[in-house]
Structures are given as structure tokens and as C-alpha cells.
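Contents: one structure, followed by commentary.
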Amino acid sequence: MTTSHRSSRAGYWHTHENYIYDSNDQIVRIAGINWFGFETSTYVVHGLELRNYCDMLKQIQSQGYNTIRLPYSNQLFDPESKPNEIDFTKNPDLAGLTGLEIMDKIILQAGELGLHIILDRHRPDAYAQSACWYTADYPETRWIADWQMLAQRYRDQTAVIGADLHNEPHAPARWGGGDLLTDWRLAAERAGNAILDVNPNWLIFVEGVDCYGPDERSSEELHYWWGGNLAGAAIDPVRLNVPGRLVYSPHDYPPEVHPQPWFYASDYPENLPTIWDKHWGYIAKQKIAPILLGEFGTRLQDELAQQWLEALTRYLGMGKTGMHWTYWCWNPDSGDTGGILEDNWQTINQVKQAYLALITPSS
């Protein structure tokens, strides 16, 4: 293996073609889990009113996950945003800390366990996702400034491997077009390059949009999941100033989340790989960039959902060279999908875990 794409600092990861490498140029595969809460009005990961955060991190590691995607909102950093729903008898070292200081603790402990962190700007405020990367209360300048603050804060913490710039862009956001208020691809470049100016070692994770075309470049409009449609990247790729840092990150869900038409086609589930190829899988298959499937999850309540998860895990591939993923989610309190944890916040859902074990590379 040549060293032409080596990361500029020891401990950080970098990309080449469709793979992610560590600083020793060894292929790594992200096999991770989402643990949400910092983006909500608790201003902290959920579950700490019932358990100790270190114990949960150890349980995450014990299941074979190597990465946590950690959602947050920009409101987390406002002075009046106070962490709540924490049992301080179970988490005594978190008493009196801000949400950001608790994030520091979780990242430090994750790093000590060998886990990595992807920071995910999930919402501008603690109450709702936004279609675009800005709102009236949290403009683009704040979005970028907070990302630069985090990039600087964790510059020497190699457990943090990168930034998922904005969760699930959707209409009026679009891929391309050149309008600075709606062109998500250009916004991702602005934010990604601003982050890399501060910390050139982070990976930059860029989600898709929901709909692409038709315009002068496409005769067919493709409608897909929020953040899941990366068809436009074939013609208009994201351009970062530091090579080897770009990872595209779609989301994909089963029919229990929304009844998309392809779930009821006569050739379901055999039609799924072609659909995934068209919207995001081609990026990895054509070695354009790595793919991280940043969210996918299910309650597995019916045969359609089971067929979807079976097909998707097959599609992502086995071993270290398969596509990267972070499952949604650890939390049992996700309304659409439930979690890897059962409602008692203790027990692992072994049926879900068995599917994910098939695509979790051994260390």
C-alpha cells in the first residue's frame, strides 16, 4: 500500500476511493450505532436517568460496534440549555456540567474504550429537524461557527473522526442549482471546508437530499428518503480542499417508517439493490467515495421489514471491505424504529443484533 493518501496526523482516518483507512493505511470499516439525546430538550444522551453512561458505552463496545454517531442540536450550546433527566447518583461525575461538557466526558470515555465518534448536527434547535441547514434562529453563520468550535475543541481527540454536516436535508433543499439558499451540495462544501480549515484531519460526512431532477441534467425526478438521495453527486460531487476526507452518508428505512411505492412492487424485495444502486450505492461500487449508511432501523414487526433488513445487510456486504454503517439506534425510545436496547434500557434485542452481527467486521 502506498502512503500517498496517508492521514496527516497519527490516529486519524482518511479515505481513498471507496475505502476508509486508519493512519497506518489499514482498511477500517465503520460498524456503528446512533445514541441520540443531545439534539433534544434533555440536552444529553437519553437513558442516563436509568443507567451510568460508562456502563452503556461498555455495553455498546461489547456488541462489536466501533463507532457512535452522536446527534446534537445547535441549541445545546446556548447558555440556557441545561442538561436534565440524569440520575446523578448513577452519574455523579456529570453533576453541574453543561451539555457540551457532558459530551466531552462521553467522548473521552469512548476513546478509552477504543470507540470512535461521528458528531451529527441533527437539528438547529431541540424540537424539530429542518429541511435546510439554517433557520431564522440558527443561520448558516451559526451552523458553521459551531462546527468550527467543535473541530477546534476535539482537534487533539482522535476518538472523534468527523462531522456529519446536517441531518436529512430535504425540499426546498436540493442537490445543485447554484442557489445559495437551497443548494445543499454548495452548502456542504462551505461548511466542510470551514471545518477542514480548523481541523484538516476530520472526515466530512455529507448526506443526500430527498428529490433530484428533472432539470437540464436529468429527465427523471427521483424521490427518496430525506437525506437519502445522492444521485446528483454523480454529476456534481462535493469538492473539499483536503483530499481523502469525503464520505457520502445516505439514510434508508423500511415500509413501517413510510410506505414507499417500491415496497409494494411485484418484484419486492429483489428490486431493492437496483433502487439502492441508483440513489447511493453506485458511489461505493464505482469507487467514487466511501458510503456510510448513517441511519437505518426497524422494529421488524412484519415480513416486509424483515425482508428489507435481510436485503440491506446483504447489500452492505461482509467483512472489512463492506460499506460503512451506523444503525438507528441504541435508544429504545425511538418512535419509528425502537432500539437495539429493549424498553428496560438494559436488554439487547437479540433478533436485531443477529442481523447486524453479520456485517460487523471482527477486529
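The values are calculated or read from the model by the stated rules, or taken from the named source; none is laboratory data. Just so it is clear, the model here is predicted, and its values are computed rather than measured. Glycine gets a Cβ as well: all are built from the backbone with ideal geometry, and neighbour counts include every protein chain shown. Accessible surface is based on the protein model in full, side chains and every heavy atom, while ligands, DNA and RNA are left aside. Shrake-Rupley method; radii C 1.70, N 1.55, O 1.52, S 1.80 Å.
Which one is modelled with the lowest pLDDT among residues in region 182-219 that are among the acidic types (Asp, Glu) and over 12 Å from His279 (Cα atoms)?
My answer is Glu216.
State yes or no: is Glu17 of a type in the set (D, E, K, R) and closer than 30 Å to Cys132 by Cα?
Taking the combined requirement at face value, the residue satisfies it.
For region 301-317, name all the residues that are at pLDDT 95 or above and not in a helix (DSSP H, G or I).
Gly317
Only one residue in Asp179, Asp120 is out of contact with any helix residue (DSSP H, G or I) (no Cβ under 7 Å at 6 or more places or on another chain), assigned to a strand (DSSP E or B), closer than 27 Å to Ala231 by Cβ and modelled with pLDDT of 95 or more, so which one is that? Give the steps one after another, and end with the answer.
Working: Asp179 fails: assigned to a strand (DSSP E or B).
So the residue among Asp179, Asp120 that is out of contact with any helix residue (DSSP H, G or I) (no Cβ under 7 Å at 6 or more places or on another chain), assigned to a strand (DSSP E or B), closer than 27 Å to Ala231 by Cβ and modelled with pLDDT of 95 or more is Asp120.
With (1) in a loop (DSSP other than H, G, I, E, B); (2) within 30 Å of Arg153 (Cβ to Cβ) as the list, and Pro259 as the residue in question, which single condition is left unmet?
(2)
Check whether at least one residue in region 29-45 is of a type outside the set (A, V, I, L, M) and either more than 27 Å from Thr298 (Cα to Cα) or touching an Asp or Glu at 6+ places or on another chain (Cβ under 6 Å) (or both), and report yes or no.
Yes, because at least one residue in region 29-45 is of a type outside the set (A, V, I, L, M) and either more than 27 Å from Thr298 (Cα to Cα) or touching an Asp or Glu at 6+ places or on another chain (Cβ under 6 Å) (or both).
Looking only at region 71-102, filter to residues that are small (Gly, Ala, Ser) and open to solvent by less than 40 Å² (accessible area, probe 1.4 Å); which one of those is farthest from the chain's Cα centre (by Cα)?
The first filter runs over region 71-102 and keeps only residues small (Gly, Ala, Ser), leaving 73, 81, 95-96, 99.
Now restrict to residues that are open to solvent by less than 40 Å² (accessible area, probe 1.4 Å): 73, 81, 99.
Values: Ser73: 14, Ser81: 24, Gly99: 20 Å.
Taking the candidates together, the pick is Ser81.
Assuming Gly114 fulfils every condition listed in (1) closer than 20 Å to Pro79 by Cα; (2) surrounded by fewer than 21 Cβ atoms within 10 Å (Cβ to Cβ) apart from one, which condition is it?
(1)
Of all the residues that make up region 33-46, how many are β-branched (Val, Ile, Thr), in a loop (DSSP other than H, G, I, E, B) and closer than 20 Å to Asn344 by Cβ?
Number of matching residues: 3.
Output the residues belonging to region 123-141 that are in contact with a helix residue (DSSP H, G or I) (Cβ under 6 Å, 6 or more places away or on another chain) and either under 21 Å from Glu189 (Cβ atoms) or not in a loop (DSSP other than H, G, I, E, B) (or both).
Of everything in region 123-141, those that are in contact with a helix residue (DSSP H, G or I) (Cβ under 6 Å, 6 or more places away or on another chain) and either under 21 Å from Glu189 (Cβ atoms) or not in a loop (DSSP other than H, G, I, E, B) (or both) turn out to be Pro124, Trp133, Tyr134, Tyr138.
Just to be sure I understand, how many residues within region 220-234 are modelled with pLDDT of 95 or more and open to solvent by 60 Å² or more (accessible area, probe 1.4 Å)?
Residues in region 220-234 being modelled with pLDDT of 95 or more and open to solvent by 60 Å² or more (accessible area, probe 1.4 Å): 2 in total.
Based on what the data block shows, is Ala159 under 22 Å from Pro83 (Cβ atoms), in contact with a Gly (Cβ under 6 Å, 6 or more places away or on another chain) and crowded, with 18+ Cβ neighbours inside 10 Å? It would help to see each step written out before you state the result.
Details: under 22 Å from Pro83 (Cβ atoms): yes; in contact with a Gly (Cβ under 6 Å, 6 or more places away or on another chain): yes; crowded, with 18+ Cβ neighbours inside 10 Å: yes.
It is true that Ala159 is under 22 Å from Pro83 (Cβ atoms), in contact with a Gly (Cβ under 6 Å, 6 or more places away or on another chain) and crowded, with 18+ Cβ neighbours inside 10 Å.
Just wondering, is there one or more residues in region 251-269 that are within 16 Å of Gly227 (Cα to Cα), touching a strand residue (DSSP E or B) at 6+ places or on another chain (Cβ under 7 Å) and surrounded by 21 or more Cβ atoms within 10 Å (Cβ to Cβ)?
yes
Give the residue, chosen from Lys278, Lys287, Lys320, that is open to solvent by 70 Å² or more (accessible area, probe 1.4 Å), assigned to a helix (DSSP H, G or I) and touching a residue at least 12 places away in the same chain (Cβ under 8 Å).
Lys278
Of a type in the set (S, T, N, Q) and within 25 Å of Asp336 (Cβ to Cβ): is that true of Asn229 in this structure?
yes
For region 47-70, name all the residues that are in a loop (DSSP other than H, G, I, E, B) and open to solvent by 30 Å² or more (accessible area, probe 1.4 Å).
Glu49, Leu50, Asn52, Gln63, Gly64, Asn66
Read through the list (1) free of Cβ contacts under 8 Å to residues at least 40 places away in the same chain; (2) open to solvent by less than 30 Å² (accessible area, probe 1.4 Å), then give the number of the only condition that Asp343 fails.
(2)
So which residues in region 323-343 are among the aliphatic types (A, V, I, L, M) and under 16 Å from Thr313 (Cβ atoms)?
Going through region 323-343, the residues among the aliphatic types (A, V, I, L, M) turn out to be 323, 340-341.
Answer for region 323-343, where residues must be among the aliphatic types (A, V, I, L, M) and under 16 Å from Thr313 (Cβ atoms): Met323, Ile340.
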